[in-house]
Each structure stands twice: as C-alpha cells, then as structure tokens.
Amino acid sequence: MTTTARALQAPSAKAPLEPTTIERRALGETDVAIDVKFCGICHSDIHQVDADWGRKIFPMVPGHEITGVVTAVGAGVTRHAEGDRVGVGCFVDSCGECEWCVAGEEHFCAKGVVATYNGKGYDGEPTLGGYSTHIVVDERFVLRIPDGLELDVAAPLLCAGITMYNPLKRWGAGPGKQVAIVGMGGLGHVGVQLAAAMGAEVTVLSQTLSKEADGRKFGASAYYATADGSAFKELRGRFDLIVNTVSANLPLDAYISTLKPRGALVSVGLPTEPDTFHAGSLIGRDKILSGSNVGGLPLHQEMLDFCAEHGVAAAIELIGADGVNEAYPRVVSSDVRYRFVIDVGSLG
C-alpha cells in the first residue's frame, strides 16, 4: 500500500517550488520508511531545478541531504529498526551485483546508480527527493547517524561531507601534508574542518579575505585572497593537494603552479562551461589534475563516524519550507554561512 507525503516540487525548469502531495511506494521486503526531519539545500539542487545539466524530469522534488527517523521496516531488513536516526544521500539504489557494488563503490554501478531525485528507478518510475515529509529507501542506502551528530547539522554531510571526505582520504590528507581548499562555501567550510581533523596543515584560497575569521575557526592555518593573483607567486610549489570546490571556471594553470611535484588538484565543483589548462603545467613536475565524486556506502558511513568523533559538522541556517524559494538565490550569490537546511516538519 502506497503512502502520501507532503513535498515541495518544481513543476518546470526554473519555476518556483510549490507545496504538493506525492505518493511513496509501499514498503518492500528490504525497504526502510523514514520520517524526514531535515533536508539540506545543495547547490546541485538549484542546477537541476534550473535544468543546467541536461537531464531533467519534471515535476521535480529535489533533495539528497536527508536525515530523519525510521518509522517502519520491511520483513527482511536487518540493518535498521524503528526509531533509528538515519540519513540518505545522493543515491537510493544500485544493482548490488557488479564489481563496483561488491567493492562498496556503488556510485560507479555498472548498471547505473539510481539518483535520489531527478532520476529513474529500475522500475522506470521517477525518483523524488528529500524536500518531503516521508521517503522509502532500500536499507542498503540508509546510513546510521551517530549519536554525536545532531540531525540538522548532519544533513549536509550526506553530500557536502562525503564530497570532501572522499578526495581528502584518497589523496592522503594527514600529518605533514599541505592541503589547500579552494572556496569557503557550503563544500569548502566542511572540507577545511575535515582536512584539519585529519591532521593536515590547511590553507584556504578564496577570492577575498571576507571569510578569513571563519576559515581559521574551522581549522585553517593560512588564508589567501586570489583575486589579484599575487598569492600564486608566494604559494608556488606549496601544496601536496588542492581540492577545488567552486562551480566557476578558474585559471587552472595558476592553481597548478602552487602544487609540489606529484601534487594533485582535485575538482569537486562542476562549472557549466569547460575548463582550460596547458598540459605543460602538469607534465614538467608530474602533477595531477583529477575529479572526484561522492563515494560508496562504506565510505559514507566512515565519514559520518569520523565527523561525530572529531566534532565536524555543517554550519547551517535552518529555514522553513516557505523560505526555500528565497534561499535559492542566496545560495547562488554565496549569501549563506554556510548551508541552508530545511525543517521538513514545516511542510505539515
């Protein structure tokens, strides 16, 4: 038997979100039903509502930074129980059988991972996200929120947290390493905390110094303004790892110049236009230009546990459902410190 949920949906591209009622599927054998308490607003929500990335299924219910409480479980569920504090991130299904799924890298699923929203399940039905009071998800894609994390500040970690944790861990951020975070926004402020907690020496590279006090509070030991370009001369050959969080095109050669030999510049932001760089800026000193996705389910849980242990959490502005349309342009103009989180209970 299906259930209804209150939700916010975009009826068409670039349209304001509006309240509606949606249907959630009946609880299956391995399904978990979740009473959604909070859902973060990711910049990618705005890109997808605006149809910037091509794929678009309307009406669209955004949201892939979901935290809540389990209300019911299917007969075959073994990982979760009623009353558990849980989260759901960017994906809600995968084949579970290919080499990537077996290795815990479900986001690389050979059959195609199923996005939490603006995607289609293997049954052909469009997926609807976390701007809703209720969701039903296969237990494999439901994560445990540790007691040390409150549900509201944990919500952005389901995207921003894992997006930053993955490249920091993969490229060895830790004691003795010089790590730069480009951008002090919704992703960057979490990345600074994570890199510092891992033991790295952290530098923020931002257009201006307007957020320097915050950056140092989050764990940065240095903070540079990049707008006039002079910082790149001072920082030449400084970093083992740079994680670029911004969704705008950057002068990549200038940033690459600040890497040590065999250092890596990893992009997690996604500009709408192609980037350009000179291959020679990489070749001379074996430097690496890479990208990074979110990560598999085991890494998601590891990240949440790490954040709880080390006191890493998103800095949030909590809003009601009636404030989402006003929040979107503020995200675009970087007028939030540092993530909006929707109190989903306000949907009624």
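Nothing in this text is a laboratory measurement; each read-out follows from the coordinates by a stated rule. In this text the structure is predicted, and so the values were computed from the model without any measurement. A quick note on method: Cβ atoms are made from the backbone with ideal geometry, for glycine too, and the neighbour counts reach across all protein chains shown.
Miscellaneous remarks
- Take every Cα pair under 8 Å whose residues are at least 6 apart in sequence, average their separation, divide by the length of the chain, and the relative contact order is 18 percent.
- Residues whose amide H falls under 5 Å from that of Gln9, counting only those 5 or more places apart or on a different chain, are Glu18, Thr20, with hydrogens built in the peptide plane.
- Counting 0.36 nm for each residue step from Lys120 to Lys56 and taking away their Cα separation leaves a gain of 22.0 nm.
- For the peptides 183-190, 97-104, the ranking by mean Cβ contacts within 10 Å, running from highest to lowest, is 183-190, 97-104.
- Distant alpha-carbon pairs in the chain (separation over 30 angstrom), percent: 35 percent
- Neighbours of Met1, meaning other residues whose beta-carbon lies under 12 angstrom from its beta-carbon, give a summed charge of +1 when Lys and Arg score +1 and Asp and Glu score -1.
- About the Cα centre, charge dipole magnitude for the chain (Lys/Arg +1, Asp/Glu -1 at Cβ), debye: 1060 debye
- From helices alone, the chain scores -6000 deg cm²/dmol at 222 nm; the rule is -39500 (n - 2.57) for each run of n ≥ 4 DSSP H residues, then divide by the residue total.
- Burial order of peptide ranges 165-171, 276-282 (average beta-carbon count within 10 Å, highest first): 165-171, 276-282
- A simple rule links phi to the HN-Hα coupling: the Karplus curve 6.51 cos²θ - 1.76 cosθ + 1.60 with θ = phi - 60°, which for the range 316-323 gives 10, 10, 7, 10, x, 4, 6, x Hz, with x for Gly and Pro.
- Gyration tensor (alpha-carbon) shape descriptor, the range 160-291, a/c threshold 1.5: rounded
- Gyration tensor verdict on the range 237-337 (Cα atoms; rounded if a/c is under 1.5, prolate if a/b is larger than b/c, oblate otherwise): oblate
- Under the convention that each Lys and Arg Cβ holds +1 and each Asp and Glu Cβ holds -1, the size of the dipole of the range 1-142 around its Cα centre is about 360 debye.
- Qualifying lysines (Cα of each under 19 Å from Cα of Lys169; at least 8 residues distant if same chain): Lys177, Lys260, Lys287
- Residues in the range 329-347 reached by a label modelled at Ala15 [backbone nitrogen below 19 Å; 7 Å Cα→Cβ]: 329
- Linear extension gain, Asp275 paired with Ala225, 0.36 nm per residue minus alpha-carbon span: 15.9 nm
- Put simply, the amide H of Ile316, placed in the peptide plane, has neighbours under 5 Å in Tyr338, Arg339, leaving out anything fewer than 5 places away on its chain.
- Helices that extend 15 Å or more along their long axis by alpha-carbon positions and average at least -1.0 on the Kyte-Doolittle scale are, among the DSSP H runs of the chain, 160-170, 297-310.
- Sequence-distant residues sharing a close amide H with Asn118 (under 5 Å, placed H): Val61, Thr127, Gly129
- Counting only lysines at least 8 places from Lys56 when in the same chain, those with an alpha carbon closer than 27 Å to its own are Lys14, Lys37, Lys111, Lys120.
- Shape of the range 54-137, Cα gyration tensor, a/c cut at 1.5: oblate
- Debye, to nearest 20: dipole size of the range 124-263, +1 on Lys, Arg Cβ, -1 on Asp, Glu Cβ: 620 debye
- Peptides 41-49, 314-322, 127-135, 329-337 ranked from most to least packed by the mean count of surrounding Cβ atoms within 10 Å: 127-135, 41-49, 314-322, 329-337.
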